[in-house]
Amino acid sequence: MKIQTREALQQLRAAAQATIDNYSCRILVCAGTGCIATGSQKIYDKMVDIARDYPNVTVEFKPHDADAHPIGIKRTGCQGICELGPLVRIQKGDKVIQLVRVKEEDCQEVFERCVLGDEVLDHHTYCQNGKFYPKPEEIPFMAKQTRIALENCGKLDAESLEEYIAAGGFQALEKALFEMQPSDVVDTVDAAELRGRGGGGYPAGRKWKQVMRQKETTRYVVCNGDEGDPGAFMDGSVMEGDPFRLIEGMMLAAYAVSSKDGYIYVRAEYPNSVARLSHAIARLEEVGLLGDNILGTDFSFRLHINRGAGAFVCGEGSALTASIEGNRGMPRVKPPRTVEKGLWEKPTVLNNVETFANVPMIILRGADWYRSIGTAGSPGTKTFSLTGSIENTGLIEVPMGTTLREIIFDIGGGLKDGATFKAVQIGGPSGGCLTEEHLDVPLDFDSVKKYGAIVGSGGLVVMDEHTCMVEVARFFMSFTQRESCGKCVPCREGTKRMLEILEKIVAGEGELEDLDRLEELAEMVKSMALCGLGKSAPLPVLSTLKTFRDEYVEHIVDHKCRAKVCTAMRHYRINPEFCKGCGKCAKNCPVGAITGQRKECYHIDTNLCIKCDACRDNCAFDAIYVDA
């Protein structure tokens, strides 16, 4: 059925809502990448099979007998609490319960007791400090969030256009096409002070205005879905969990700047996102919400998907557009900027997934509503992927200005096993480390810059006392050096020299003079690299040098790694109180570094030891320990 008028869209919305209201129950199975990896597709299939065994159960709603129980079994986007997946929600009208750690073998019990009955299963309920939280909105991890970009994730069938429309989807597009001029849309986004969520924080409205002012009438809208930061999965979760919202945001941008074509650039490692977006685009084309004369207006727009080849540098705007054009993804000298000469040298609006996902709600509710959330300089919310040494890893969205303390301890539940907080890496390999003294600093674009870090795309990696900060710096420098496109000398050679120094230090061969060289190189790369990725590459090194310089000195002077992470500085010992003299460690040592007699304490020759950890792996009595 083609949707060719505003009235037809409103009628579909009413019909879709009526269908949802007629379900006696909806089983919402998380089909985010994390839950799929732990078996949620098997859970979905099992639920469908179980439902077919009940003659009075209709799996999908259709005309039915009064005695039948129409049950919708749906695959949603990420439900947030990734640590506790696979996740399933049971929805009966306004009542929703959240089930955690559901396995395929649990499906029969869940169906009989929760779907057909009204029980709450404690063993599948989120529990914190002895208290059970069956409702998702009451779970501490979820209760303290404010969701805009992620509003629908976990609540709707991610592939259903009808469910998105029933939830208010395309109301913003309706409003724009029939009640606003293109300039009104731009002015609203500009007044909302929406800043780009891809890392730089550049005002989206200002960018759109710059495109509007160009004389060239052929213009493009491009979405940066090339989320390459280690540990980041925010944009991927929006693309696979609410693809129609992203597309609506891009359509609003296209209407605002008079663009007829858009491109979504998705990293190759996101096949689920590509599949969901491809389905969404095909569905919208089928009903006429993408293509020519949308809703009977003069607005026409088409969308295309481009898959990246895994290059981190293609997250940079000019490298991304070069890749779409079929060229090697490398940044170019600016000016001209993308708003002037972007894709095929035409004016281009380039924003990331989260930025576009915010636009529909801004158009619907207005700039004042959006500015009421967050801080004066950074309105709205920000999504973060919360990972590392923390009790509750997962996907969160909080108002800008929320502190690290609130995120780590209130939402994240504190550090694993009661460990001591040491630092958090924010902004991925282009970011920096914040420490305990920064726990109460508001997280927004401007505040964190004062401490040598950036919000970036939103990756948060929490670290405890068992983390070596020198190794953290080496890891991120290894990543950025490997991903350098090689176009400019400061990044190509500077990051290589920095990595060599860091590897020398973690190998126990560093000199104090290396710290000055490292700092000098970092400042040089930061100030002279061609693109933003190169300029931010040294930030993890600079921030750890500033805050954890004593660890660098320990590595160099004392040949000691206090976290016992750096292999070269490990010294394996055998505790005579625990050693039973079984000789198993000696038998498994590949270099014969362990000697002794049966039923007596064995000894490790540290000069021969290659620190392979085989002895510890094979000791049944925990007699072997690492002495840094």
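The values are calculated or read from the model by the stated rules, or taken from the named source; none is laboratory data. All values derive from a computational prediction rather than experimental measurement. So basically every Cβ, Gly included, is an ideal-geometry build from the backbone, and we count neighbours across all protein chains shown. Please note that ligands, DNA and RNA were not included when accessible areas were found on the heavy atoms of the full protein model with its side chains. Shrake-Rupley method; radii C 1.70, N 1.55, O 1.52, S 1.80 Å.
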* To do: Would you point out which residue out of 137, 104, 109, 119 is open to solvent by 50 Å² or more (accessible area, probe 1.4 Å), touching a residue at least 60 places away in the same chain (Cβ under 8 Å) and either over 25 Å from residue 360 (Cα atoms) or out of contact with any Cys (no Cβ under 7 Å at 6 or more places or on another chain) (or both)?
  => 104
* To do: Return only the number of the condition from (1) open to solvent by less than 30 Å² (accessible area, probe 1.4 Å); (2) in contact with a helix residue (DSSP H, G or I) (Cβ under 8 Å, 6 or more places away or on another chain) that residue 143 does not satisfy.
  => (1)
* **Every pair of residues 6+ apart whose Cβ atoms lie under 6 Å, when the first sits in segment 277-300 and is surrounded by fewer than 18 Cβ atoms within 10 Å (Cβ to Cβ) while the second is assigned to a helix (DSSP H, G or I)** => 291/285; 297/177
* **segment 108-140, residues that are part of a helix (DSSP H, G or I) and over 29 Å from the mean Cα position of the chain (by Cα)** => 108, 109, 110, 111, 112, 113, 114, 115, 122
* Structure fact -> Of 370, 270, the only residue that is open to solvent by less than 10 Å² (accessible area, probe 1.4 Å) and at negative phi is 370
* Structure fact -> When segment 439-461 is checked residue by residue, the ones that are of a type outside the set (S, T, N, Q), closer than 21 Å to residue 473 by Cα and open to solvent by 10 Å² or more (accessible area, probe 1.4 Å) are 449, 450, 451, 452, 454, 461
* To do: Run down 437, 509, 519 and say which single residue is in a helix (DSSP H, G or I) and more than 29 Å from residue 402 (Cα to Cα).
  => 519
* Write out, first by first residue and then by second, each pair whose Cβ atoms fall under 7 Å of each other, whose residues are 6+ apart or on separate chains, and whose first residue, in segment 446-462, is farther than 17 Å from residue 234 by Cβ while the second is of a type in the set (Gly, Ala, Ser) and open to solvent by 20 Å² or more (accessible area, probe 1.4 Å). => 446/377
* Here are some conditions: (1) part of a helix (DSSP H, G or I); (2) exposed (fewer than 14 other Cβ atoms within 10 Å of the Cβ); (3) in contact with a Cys (Cβ under 6 Å, 6 or more places away or on another chain). Residue 576 meets all but one. Which one does it not meet? -> (1)
* Structure fact -> Of 461, 455, 424, the only residue that is at pLDDT below 90 and not in a helix (DSSP H, G or I) is 455
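Looking at residue 81, is it open to solvent by less than 20 Å² (accessible area, probe 1.4 Å) and modelled with pLDDT under 95?
yes
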* Return yes or no: is residue 526 assigned to a helix (DSSP H, G or I), touching a residue at least 24 places away in the same chain (Cβ under 8 Å) and under 30 Å from residue 494 (Cα atoms)? => no
* **Matching residues, segment 9-25, being within 30 Å of residue 103 (Cβ to Cβ) and either part of a helix (DSSP H, G or I) or open to solvent by less than 10 Å² (accessible area, probe 1.4 Å) (or both)** => 20, 25
